[in-house]
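None of the figures in this text is laboratory data; all of them are computed from the coordinates on show. Quick caveat, the model's predicted, so the values are computed rather than measured. Cβ coordinates were reconstructed from backbone atoms using ideal geometry, including for glycine residues, and neighbour counts include every protein chain displayed.
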Number of protein chains: 2
Amino acid sequence: MDRAATAAPGADRLAGSALGLPVAVPSTALFTDRYELTMLQAALRSGAAHRRSVFEVFTRRLPEGRRYGVVAGTGRVLDAIENFRFDDDVLSFLSRENVVDRDTLDWLAGYRFRGDVHGYPEGEVYFPGSPLLRVEGTFAEGVLLETVILSILNHDSAVAAAASRMAVAAGGRPLIEMGARRTHELGAVAAARAAYVGGFTTTSDLAAGFRYHIPTVGTSAHAFTLLHDTERDAFTAQVESLGPGTTLLVDTYDLTEAVRTAVEVAGPGLGAVRIDSGDLLLLAHRVRQQLDDLGATDTKIVVTSDLDEYAIASLAAAPVDAYGVGTSLVTGSGHPTCSMVYKLVARAADGTDGRPDAPLVPVAKKSLGAKASTGGRKWAARRLDADGVAEAEVVGTGPVPEELAGRQLLVPLIERGEVVAREPLDAARRRHIAARAGLPLSATQLSRGEPVIPTEFV
Amino acid sequence: MDRAATAAPGADRLAGSALGLPVAVPSTALFTDRYELTMLQAALRSGAAHRRSVFEVFTRRLPEGRRYGVVAGTGRVLDAIENFRFDDDVLSFLSRENVVDRDTLDWLAGYRFRGDVHGYPEGEVYFPGSPLLRVEGTFAEGVLLETVILSILNHDSAVAAAASRMAVAAGGRPLIEMGARRTHELGAVAAARAAYVGGFTTTSDLAAGFRYHIPTVGTSAHAFTLLHDTERDAFTAQVESLGPGTTLLVDTYDLTEAVRTAVEVAGPGLGAVRIDSGDLLLLAHRVRQQLDDLGATDTKIVVTSDLDEYAIASLAAAPVDAYGVGTSLVTGSGHPTCSMVYKLVARAADGTDGRPDAPLVPVAKKSLGAKASTGGRKWAARRLDADGVAEAEVVGTGPVPEELAGRQLLVPLIERGEVVAREPLDAARRRHIAARAGLPLSATQLSRGEPVIPTEFV
């Protein structure tokens with residue numbers, strides 16, 4: 001944890017980069033859907049572009065059966081907004097493709113976000129209708145940020161939610177993120193970050209270690225055993241090079257034989273064995289017994305092999321010391337994206353264009369079906385019961401009731417264009433543990449159910 | 001299409017970059033799991049690192065119910081391998097974190113892949129057991145590439161497979177990729193590319209247009225209508241700025257009213273209207289009738305709103321001119337990753353270390369359950385029936401039967417470290433259409449079923 005706790009200076013040093021890349025990226029402005037720029041052009045022409053506007057990110061529902069959501073990616077959003085600039089390469093592309101006209105290109109050349117952003121801090125839990133992020137400025141400033149904000153929050157929060165459920169299922173045992181090979185190579189870096197926020201301990205992904213100072217770990221692959229003429233040769237090579245504290249992979253040929261060889265080669269001080277196939281519950285018991293019989297009582301057992309939160313929970317009574325999770329983690333355990341949207345909820349009234357103190361008119365799509373939304377600039381607070389346990393997510397547009405004033409969820413993230421809420425990743429990780437602990441106990445049931453607290457609109 | 005067809009020169013210019021980034025990345029070497037480097041260290045120490053080795057990428061099964069898979073990401077893999085270098089920043093990170101020892105760092109400093117890669121060309125279809133990619137070189141050279149190759153192929157092929165099914169369902173109508181906001185911001189760029197390979201026509205993602213020359217398009221959002229005092233103001237602003245050929249979003253308030261206003265403002269030459277909510281089948285018919293009644297017979301109807309291949313198919317008889325697809329596309333329509341693995345299948349025999357002509361020994365994990373695999377360096381060919389329709393995916397390790405020699409699927413991609421198979425993205429797109437057309441008709445049924453042809457191991 002210490003390394004991750006010291007991430008802040010590194011993050012600051014890399015503040016000019018963005019997006020969890022192992023290298024700097026000069027701009028995030030291309031992570032934008034074309035219509036945002038054409039809407040900007042039309043609004044610049046009509047003058048409405050300068051109307052004071054409020055956009056909010058929220059989701060209409062949690063993934064089916066989930067009890068709570070987890071906000072992740074906030075730190076990446078701040079980087080993305082800070083680096084959202086239209087440099088010459090981007091402008092000449094937009095010009096060459098006739099995306100927007102000359103006046104709009106000129107406006108974009110001077111763009112930087114100068115408004116305010118409030119949001120749920122990273123690691124906080126959320127529910128349907130929670131106003132997770134609020135962007136205030138002119139319409140022009142805010143409309144451009146829709147895609148990049150949603151990309152980051154939808155992806156990272158999906159992974160963090162899965163990670164949180166797995167962390168609950170693991171009950172304190174370490175969780176290793178090893179999903180890089182199952183998702184986009186840079187999505188993987190963000191996924192490792194989100195998994196850490198959600199409660200994972202380490203990652204196998206070196207890029208995530210490089211970029212976010214998340215502790216990296218590794219074991220060995222079947223290829224290494226198969227490369228050598230015998231399993232004993234492979235174990236000997238590994239132990240000679242990496243020391244007896246290494247983790248030996250014991251399921252390439254015969255498991256019992258491999259465990260015996262492993263302890264013979266490394267001695268009873270062998271660090272760990274990894275089991276990557278078969279009935280893990282049965283095999284963990286069998287291997288533990290064998291290790292103990294061989295005197296390797298401190299040798300740990302790491303299990304991997306398509307684990308998800310249910311498989312992890314089913315191993316609660318097994319002598320397992322750590323879980324490695326890949327596919328189901330980085331794909332959000334059945335829900336690879338959240339359904340967060342970014343909506344204009346209020347804007348300046350007619351005739352007030354450009355005045356920063358202009359009164360706001362709440363706006364909302366009125367149309368058919370489930371896509372209607374609630375207009376107005378919102379606050380949110382979590383109401384507690386007499387025992388201090390969360391009992392409702394309260395969302396409102398009017399004044400904040402006095403009894404909820406101290407329980408507000410939105411905090412300042414950007415003020416007049418300046419990021420004011422950078423923090424080490426461990427702060428988000430700790431905040432998530434505290435936020436989850438403040439929910440009713442049924443929040444951590446893995447079984448399907450309704451959101452664990454209702455959202456009340458006042 | 002023309003722009004995409006001219007992607008090759010641009011791609012060449014950007015060959016020093018990688019991964020579908022809008023900017024150059026100096027190295028892909030950090031997209032690596034830590035254990036690959038520690039295995040390298042142990043194998044360098046034992047000497048086995050220099051054994052000639054063959055790694056293959058394959059999948060044991062298709063996602064449940066799918067009839068075929070689609071290879072995508074090959075071009076990105078070639079970029080990633082070409083740029084896989086350990087520069088000073090990376091080496092000092094590895095040293096600081098004690099990932100590997102000094103000898104290994106020295107070896108990594110000189111690393112570049114000098115072996116051979118063969119693979120199914122991009123856009124080709126595949127089946128369980130198809131050897132999609134074969135990497136040959138020393139163990140040390142090949143073992144390092146596991147994670148980055150799998151990340152790219154697993155992600156991109158998942159999106160391309162979904163795109164292909166949607167393209168079949170759309171039956172020739174244009175498909176717009178608009179999923180950027182639902183996935184990681186750089187995953188989105190790769191997703192737009194894979195969707196194009198799988199049959200999509202355009203993308204909303206400007207970064208994908210910038211990087212891969214995929215044509216970009218856009219419409220308008222509810223925010224633009226809500227920003228203005230009336231829907232008429234909004235439509236007028238859009239048409240004045242973007243011309244009557246623009247696409248107006250007509251479901252913010254009352255659909256019928258909006259369509260009437262749209263044609264009044266833009267005239268009967270209005271380009272298109274977009275419907276983003278409600279019963280699209282019913283509404284498309286109603287809007288078409290209304291547009292025709294208003295004389296706007298050439299105005300097109302674009303539909304969006306959580307479409308997947310089934311929803312697209314259900315609109316086959318509706319007067320819809322284009323589909324915009326987001327979430328389900330970029331998340332692989334229920335299968336956000338493929339289950340491709342990268343396995344050592346053969347390596348030099350004992351005592352032949354380092355000899356490039358060393359005879360190969362087939363190797364494979366022998367362990368429990370479904371994870372056993374087939375050893376040996378493989379060829380693959382698609383056998384056709386008398387009508388020229390594919391009837392089996394034939395995979396073998398011995399000599400290629402004479403009648404299949406002309407039907408082989410693996411082509412050279414990298415020879416002695418040099419990329420030999422760069423191609424414009426449109427070549428992969430055309431190849432996919434041809435490959436799919438060569439399958440039995442039931443391949444394009446959306447209903448669940450077995451792989452449309454069996455894989456025969458000989």
**OP:** At 7 Å along the Cα-to-beta-carbon direction for both B:Arg85 and A:Asn98, put a label point, then send me their distance in nm to one decimal.
**Re:** 4.0 nm
Subject >> Radius, Kirkwood style, for segment B:172-334 when every pair of distinct Cα atoms is counted (Å) >> reply: 16.1 Å
Original post:
Of A:Leu105, A:Leu329, how do they rank once you tally other Cβ atoms within 10 Å and put the fewest first?
Top reply: A:Leu105, A:Leu329
**OP:** Mind checking which of A:Ala80, A:Asn98, A:Ala109 is farthest towards the positive end of segment A:70-114's charge dipole, using Cβ charges of +1 (Lys, Arg) and -1 (Asp, Glu) about the Cα centre?
**Re:** A:Ala80
Subject >> Rounded to the nearest 20 debye, dipole of segment B:153-200 from Cβ charges on Lys, Arg, Asp, Glu >> reply: 140 debye
**OP:** Would you mind estimating how fast chain A diffuses translationally, via Stokes-Einstein at 20 °C and 1.002 mPa s with the Kirkwood radius over Cα pairs, in µm²/s?
**Re:** 89 µm²/s
Subject >> Relative contact order (%) - chain A, alpha-carbon pairs under 8 angstrom, separation at least six >> reply: 24 percent
**OP:** Please state, rounded to one decimal and in Å, the Kirkwood hydrodynamic radius that segment A:254-324 gives when every pair of distinct Cα atoms enters the mean of 1/r.
**Re:** 12.1 Å
Subject >> Centroid-to-centroid separation of segment A:216-287 and segment B:305-322 [C-alpha atoms, Å] >> reply: 52 Å
Subject >> the protein assembly as shown: projected area of the alpha-carbon convex hull, averaged over directions, in nm² >> reply: 35.9 nm²
Original post:
lysines near B:Lys343 by alpha-carbon distance under 27 Å, same-chain residues fewer than 8 away left out - which ones?
Top reply: A:Lys300, B:Lys365, B:Lys366, B:Lys371, B:Lys378
Original post:
Once the mean 1/r over all distinct Cα pairs of segment A:246-390 is inverted, what Kirkwood radius in angstroms do you read off?
Top reply: 20.4 Å
**OP:** Towards the positive end of the charge dipole of segment A:116-239, with charges on Cβ (+1 Lys, Arg; -1 Asp, Glu), say which of A:Val217, A:Phe235, A:Phe127 has the farthest Cα.
**Re:** A:Phe235
Original post:
Once the convex hull of the C-alpha atoms of segment B:356-426 is built, how many Å³ does it hold per residue, rounded to a whole number?
Top reply: 184 Å³
Original post:
Roughly how many debye, to the nearest 20, is the charge dipole of chain B about its Cα centre, given +1 on each Lys and Arg Cβ, -1 on each Asp and Glu Cβ, and no other charges?
Top reply: 1360 debye
**OP:** Counting only C-alpha contacts under 8 Å and six or more residues apart, can you give the relative contact order of segment A:167-334 as a whole percent?
**Re:** 25 percent
**OP:** May I ask you to work out the translational diffusion coefficient for segment A:43-133 at 10 °C, viscosity 1.306 mPa s, via Stokes-Einstein with Rh from the Kirkwood sum over Cα pairs, reported in whole µm²/s?
**Re:** 99 µm²/s
Original post:
Given N residues in segment B:247-292, what is Rg(Cα) / (2.2 N^0.38 Å)?
Top reply: 1.02
Original post:
Counting Lys and Arg as +1 and Asp and Glu as -1, what is the net charge of the other residues whose Cβ lies under 15 Å from the Cβ of A:Val263?
Top reply: -1
**OP:** Divide by every residue of chain A the summed helix terms, -39500 (n - 2.57) for each DSSP H run of at least 4, and state the resulting mean residue ellipticity at 222 nm, rounded to the nearest 500 deg cm²/dmol.
**Re:** -10500 deg cm²/dmol
**OP:** Quick one: dipole size for segment B:172-334, taken about the Cα centre, charges +1 on Lys/Arg Cβ and -1 on Asp/Glu Cβ, in debye to the nearest 20.
**Re:** 540 debye
Original post:
What are the label-to-label distances in nm, one decimal and shortest first, from B:Gly438 to the same spot in the other copies, with labels 7 Å along Cα to Cβ?
Top reply: 6.0
Original post:
Going by how many other beta carbons lie within 10 Å of each one, how would you line up A:Val135, B:Val90, fewest first?
Top reply: B:Val90, A:Val135
